[in-house]
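Contents: one structure, followed by commentary.
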Amino acid sequence: MFIFRKIYTFLIDTIQSLLLAAAVFLVIYIFFFRPFQVNGESMYPNFTDKQYILTNIIILRFEEPKLGDVIVFKSPPDPEKDYIKRVIGVPHDRVLLKNGNIYLNDKKLDESAYIKPGIETNQGAFLKESQEITVTDENYFVLGDNRLYSSDSREWGFVPRKNIIGESFFAYWPLDSMSLIKNPYK
């Protein structure tokens, strides 16, 4: 009888611990941080296909995305998909594509911290060569780091603020690529 009581107590304690851990995980997942998997090569070499990142989903309730932030958002062409891109233009910024380079508010944007030398930015259906666009209120202009293989604002335009899920801050899988995700402009 004593053995059954010990086993019963152990099982109840284990179940309670598992339920508590699940509840804590659920609260963190719903309100604070969410994992996302990078799909494709649009952010290479900074992020690779099948890499997992943590995204802070609460920070954007207190501050707006800034130039250089890596964000996850609902894709404008297909809201069922989540995209990861870098913020290049915030509301009221003027973005210009000229000779394969991005100009922001009349200054050539230094992208050397996240783009390999020699990589040029090509035009798309939305942003044409030598055409300046102004980012409208509640919208953001985003680009992938791997410009040749990225579907981004050059093609489909601005990302509405309401589509942004959060700001990515930590790459955690695979383990050899574990690192903090830093904004090169901060």
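The values are calculated or read from the model by the stated rules, or taken from the named source; none is laboratory data. None of these values were measured; they are calculated from a predicted model. When we count neighbours, we look across all protein chains shown, and the Cβ atoms used for this are built from the backbone with ideal geometry, even at glycine. Just the protein is used for accessible areas: all its heavy atoms, side chains included, with ligands, DNA and RNA removed. Shrake-Rupley method; radii C 1.70, N 1.55, O 1.52, S 1.80 Å.
Mind checking the per residue accessible area of the chain for me, 1.4 Å probe, whole number of Å²?
About 60 Å² of surface per residue is accessible.
Shape call for segment 127-168 from the C-alpha gyration tensor, a ≥ b ≥ c root eigenvalues: rounded (a/c under 1.5), prolate (a/b greater than b/c) or oblate? Note, shape of segment 127-168 comes out oblate. Protection proxy ranking for 153-159, 119-125, using the average of other Cβ atoms within 10 Å per residue and placing the highest first: 153-159, 119-125. Over the chain, dividing the summed -39,500 (n - 2.57) contributions of all DSSP H runs of at least 4 residues by the number of residues returns a 222 nm mean residue ellipticity of -6000 deg cm²/dmol.
Angle of helix 2-31 to the longest C-alpha principal axis of the chain, folded into 0 to 90 degrees and rounded to 10: 20°. (1) 1, 8, 15, 18, 17, 13, 8, 4, 3, 3, 3, 2, 2, 1, 1, 0, 0; (2) 1, 8, 16, 19, 19, 16, 12, 6, 3, 1, 0; (3) 1, 8, 18, 23, 23, 18, 7, 2, 0: which one is P(r) over Cα pairs in 5 Å bins from 0, in percent as calculated from this entry? Given (1) 1, 8, 15, 18, 17, 13, 8, 4, 3, 3, 3, 2, 2, 1, 1, 0, 0; (2) 1, 8, 16, 19, 19, 16, 12, 6, 3, 1, 0; (3) 1, 8, 18, 23, 23, 18, 7, 2, 0, the calculated one carries the label (1).
Considering only Leu127, Leu67, Leu26, the Gaussian network model of the chain with Cα springs below 10 Å gives its largest mean-square fluctuation to Leu26. Which of rounded, prolate, oblate describes segment 3-91, given a ≥ b ≥ c as roots of the alpha-carbon gyration tensor eigenvalues and a/c under 1.5 marking rounded, otherwise prolate only if a/b is larger than b/c? Prolate shape, in that a/c is at least 1.5 and a/b is the bigger ratio. Once both labels are positioned 7 Å from their Cα atoms along Cα-to-Cβ, the gap between Asp49 and Glu129 label points is 2.9 nm. Under a GNM of the chain (C-alpha, springs under 10 Å), which listed residue has the highest mean-square fluctuation: Ile12, Ile59, Ile102? Among Ile12, Ile59, Ile102, the largest mean-square fluctuation in the Gaussian network model of the chain belongs to Ile12. Assuming R0 = 30 Å, can you tell me the calculated FRET efficiency for the pair Val27 and Phe4, based on Cβ-Cβ distance, to the nearest 0.05? After rounding, the FRET efficiency stands at 0.30.
What would the Debye formula give as log10 I(q)/I(0) at q = 0.20 Å⁻¹ for the alpha-carbon point model of segment 67-149, no solvent? Debye intensities relative to I(0), on a log10 scale: -0.98. Over all pairs of different C-alpha atoms in segment 35-85, the reciprocal of the mean inverse distance, the Kirkwood hydrodynamic radius, equals 11.9 Å.
So for Lys162, Lys107, Lys128, what's the accessible-area order with a 1.4 Å probe, most first?
Reading off the accessible areas and sorting them downward yields Lys162, Lys107, Lys128.
Rolling a 1.4 Å probe over the protein heavy atoms of the chain, with every protein chain left in place, gives an accessible area that is 60 percent carbon and sulfur. Accessible area per residue was computed with a 1.4 Å probe on protein heavy atoms; Ser150 scores about 20 Å². Cross-linked pairs Lys66/Lys108; Lys85/Lys182; Lys50/Lys98; Lys66/Lys182; Lys85/Lys186: Cα-Cα separations exceed 23 Å for Lys50/Lys98.
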